[in-house]
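The values are calculated or read from the model by the stated rules, or taken from the named source; none is laboratory data. As the structure is a prediction and not an experimental result, all values here were calculated from the model. Neighbour counts run over all protein chains shown; Cβ positions are idealised from the backbone, glycine included. The accessibility values were calculated without ligands, DNA or RNA, using every heavy atom of the protein model including side chains. Shrake-Rupley method; radii C 1.70, N 1.55, O 1.52, S 1.80 Å.
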Amino acid sequence: MVKVTIDNQTIMVEEGTKIIDAAKETGIIIPRLCFLREINEIGACRVCSVEVEGTDKLLTACNTVVEDGMVVKTNSPKVRRARRTNIEFILSQHDFSCATCVRSGNCSLQEIANDLNVDSMPYKIKYEKRAWNKDFPLQKDFSKCIKCMRCIQVCDKIQSLGIWDVVNSGSRTTVDVSHNRQIEDADCVLCGQCITHCPVGSLTTRNDTHRVYDAIEDENLITVVQVAPAVRAAWAENLNIEEKSATPSLMVAALKKIGFDYVFDTNFSADLTIMEEANEFLEVYTSGGRDLPMFTSCCPGWVRFMKSQYPDMVKYLSTSKSPQQMFGAVAKSYYADLLGVDANKICCISIMPCTAKKKEAEIETINDTEAQRDVDIVITTREMEKMIRAENLDFSKLKEESFDSPLGIGSGAGVIFGATGGVMEAALRSAYYFVTGKNPDPDSFVSVRGEEGWRESKFSIAGNELSVAVVSGLRNARELMDALIRGEVKYDFVEVMACPGGCSGGGGQPIKDGCELAYTRANKLYKLDKKMYLRYSHENPAIQKIYSEYLGKPNSEIAHKLLHTDHES
Ligand code: HC0
Ligand code: SF4
């Protein structure tokens, strides 16, 4: 232990503690901008500067380790002046048109500038302008980049992709796509982790809300919206609604106010995915002779990763489409028939916690052969939040509403898709039933849950030994793939989600700078599952009905046409 005095308060802390953490123990939160714990502790923004007795220079609290006897001042006049100047420098290279910025009200730079009472700009403002492909789901605005390096580090350390790098020098230094590539050629998987870790509005998602409004206004279109599992765990985080009131049913009510004709649930098609994927897995497993596992394919970030990093392994992906795409395919066939309308009258909109889903919906070969898109428009949870805000609702007066039927009926197994391990757990609940004819205890497979980036479990179902793995975060996925290829590990079934923690930590989710909320949200999903009457995908009556009336059985010819895809084409 070492002794440190911070703002006249002396405490003992463990050796190796950083000043920023020691200060926290004394109740002082040192402001920070570029800091991301264990990912970006480089002191680039110098906002966390502090005075240390015996040194003339100010030191950065995020990466300076305390020494025995150190005396630190975290808010002296010298510190305040330096912080202010640093922020003014950063602002001098930043387009601070806050009123039109997507991060206004949720921007760490805006907040710190306000906290430091920056009320005028002593420096000339000059920011970088560069072109960007406006159609790409991930958008970069160079005029707002503050060169904090977070995106570079998250992409490199968490996702092992290295899409971003520092370019140019001197006052023109900025962050751009690495190796002089265009973003669309750079193997970006669109997980959006750089967006959720950007402290300002430099990295954002393409705004598709205008297209949604146009569809709602178009009297010739029927708007059918699906809401992904993980959205319900996060939708109200930045909406100032008490947590216990922020139910999925209140979210449905808010969506109805926006004017969608039908509000449905991706949980329905998550259940459908389980029917197809669990049966596909059992077919692969029982046919034997395979030395490699079947991989889940519902995360488009992971599928993009597989295609660019391990193209020879793409054939091991499940051919089942993701729930998002299955929903669209069913909405424009089965549901169009139920409504008695032409499929082209239906505009299918998804609300997803994900940036990559925007691109998944655009993959030509994923769509049904009738030359129409399964899903027409994808917006993220954050875009939905903006649309809800625009309704000016008094949530205390808003009455809860249920999802519409039948594509709004989902099981608890569908709900947990939004957490890492959820697809595996849901698939095992039903695979057990398909093999034995009996339901397992719904909590039989909870060992696949957890916060480790790479987890393994073994199960025995009717004498069949199953070895499964669950991975989230692409660095973990890369390690697993390399270990599989080297023959160091062997699994039958592997679930991969690109975002750490799965979709609940997705790149389209609400941003709370500095907070990693994936597992808090996952726990909300587990609680919802636990409370549900339906906990097995195969018991969902709407699923049983669509098979008896339309699809026949899992993996039938029509199921294949609508619900499966060839990732290699
Ligand atoms: Fe997910 Fe999904 S669980 S990928 O994270 O499978 O986006 O929530 O909608 O499609 O269901 C995202 C979330 C989904 C899909 C589902 C899967
Ligand atoms: Fe999208 Fe979920 Fe995959 Fe992240 S984990 S890329 S949010 S589907």
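Within region 495-546, the set of residues being farther than 22 Å from residue 322 by Cα and assigned to a loop (DSSP other than H, G, I, E, B) comprises 510, 511, 512, 513, 514, 515, 516, 517, 532, 533.
Residue count for region 300-317, restricted to those that are within 16 Å of residue 471 (Cα to Cα) and open to solvent by less than 20 Å² (accessible area, probe 1.4 Å): 7. May I ask you to verify whether residue 264 is under 26 Å from residue 236 (Cβ atoms) and touching a residue at least 60 places away in the same chain (Cβ under 8 Å)? So residue 264 fits the description; yes. The residues of region 38-61 that are farther than 16 Å from residue 109 by Cβ, in a loop (DSSP other than H, G, I, E, B) and in contact (Cβ under 8 Å) with a residue 40 or more places away in the chain, listed by number, are 39, 42, 61.
Name the helices (runs of 4 or more DSSP H) wholly within region 323-429 that hold at least 3 residues that are touching a residue at least 24 places away in the same chain (Cβ under 8 Å) and within 18 Å of residue 208 (Cβ to Cβ)? Before the answer, list the steps.
On the way: elements: 323-330, 336-339, 356-360, 381-389, 412-415.
Output list reads 323-330, 356-360, 381-389.
The residues listed here are 197, 179; of these, the one that is modelled with pLDDT of 95 or more, more than 25 Å from residue 270 (Cβ to Cβ), within 16 Å of ligand 2 (Cβ to nearest atom) and not polar (S, T, N, Q) is 197. Suppose we filter region 428-449 for residues that are away from ligand 2 (no atom under 16 Å from the Cβ) and surrounded by 15 or more Cβ atoms within 10 Å (Cβ to Cβ); how many remain? Of the residues in region 428-449, 13 are away from ligand 2 (no atom under 16 Å from the Cβ) and surrounded by 15 or more Cβ atoms within 10 Å (Cβ to Cβ).
For region 311-326, does any single residue satisfy the condition of being touching a Phe, Trp or Tyr at 6+ places or on another chain (Cβ under 8 Å), within 20 Å of residue 506 (Cβ to Cβ) and aliphatic (A, V, I, L, M)? So far as region 311-326 goes, yes, one or more of its residues are touching a Phe, Trp or Tyr at 6+ places or on another chain (Cβ under 8 Å), within 20 Å of residue 506 (Cβ to Cβ) and aliphatic (A, V, I, L, M). Identification of strands (runs of 3 or more DSSP E) wholly contained in region 133-200 with 2 or more residues that are open to solvent by less than 10 Å² (accessible area, probe 1.4 Å) and either away from ligand 1 (no atom under 16 Å from the Cβ) or of a type in the set (Phe, Trp, Tyr) (or both) yields 174-177. When 276, 217, 242 are checked against the criterion of being away from ligand 1 (no atom under 13 Å from the Cβ), of a type in the set (D, E, K, R) and at pLDDT 95 or above, a single residue qualifies: 217. Residues that are touching a residue at least 60 places away in the same chain (Cβ under 8 Å) and in contact with a helix residue (DSSP H, G or I) (Cβ under 8 Å, 6 or more places away or on another chain) within region 552-569 comprise 554, 555, 559, 562, 563, 564, 565, 566, 567, 568, 569, listed in sequence order.
Looking only at residues in region 328-350 that are β-branched (Val, Ile, Thr) and out of contact with any Ser or Thr (no Cβ under 7 Å at 6 or more places or on another chain), the one that is nearest to residue 563 (Cα to Cα) is 346. Scanning region 315-332 for residues that are out of contact with any helix residue (DSSP H, G or I) (no Cβ under 6 Å at 6 or more places or on another chain) and under 15 Å from residue 222 (Cα atoms) gives 328, 330, 331.
Within region 206-239, being of a type in the set (Val, Ile, Thr), out of contact with any Gly (no Cβ under 6 Å at 6 or more places or on another chain) and open to solvent by 10 Å² or more (accessible area, probe 1.4 Å) holds for 209, 222. Of all residues in region 251-273, those satisfying the criterion of being over 15 Å from residue 351 (Cβ atoms) and away from ligand 2 (no atom under 16 Å from the Cβ) are 271, 272. Close Cβ contacts (under 8 Å, 6 or more residues apart or on different chains) running from residues in region 73-102 that are touching a residue at least 60 places away in the same chain (Cβ under 8 Å) and under 12 Å from residue 123 (Cβ atoms) to residues that are of a type in the set (Phe, Trp, Tyr) and surrounded by fewer than 19 Cβ atoms within 10 Å (Cβ to Cβ) comprise 93/127; 94/127. Scanning region 537-548 for residues that are over 22 Å from residue 249 (Cβ atoms) and touching a residue at least 24 places away in the same chain (Cβ under 8 Å) yields a total of 4. Looking only at region 307-346, how many residues end up being under 22 Å from residue 229 (Cβ atoms) and either within 16 Å of ligand 1 (Cβ to nearest atom) or among the charged types (D, E, K, R) (or both)? Final tally of qualifying residues: 16.
Take residue 256 and decide whether it is open to solvent by 10 Å² or more (accessible area, probe 1.4 Å), at pLDDT below 95 and either part of a helix (DSSP H, G or I) or among the aromatic types (Phe, Trp, Tyr) (or both). No: the conditions fail for residue 256. Scanning region 43-62 for residues that are open to solvent by 40 Å² or more (accessible area, probe 1.4 Å) and under 30 Å from the mean Cα position of the chain (by Cα) turns up 44, 46. When we screen 515, 503 for residues that are buried (at least 17 other Cβ atoms within 10 Å of the Cβ) and either under 27 Å from the mean Cα position of the chain (by Cα) or more than 27 Å from residue 379 (Cα to Cα) (or both), the only hit is 503.
All told, residue 392 meets the bar of being surrounded by fewer than 20 Cβ atoms within 10 Å (Cβ to Cβ) and at positive phi.
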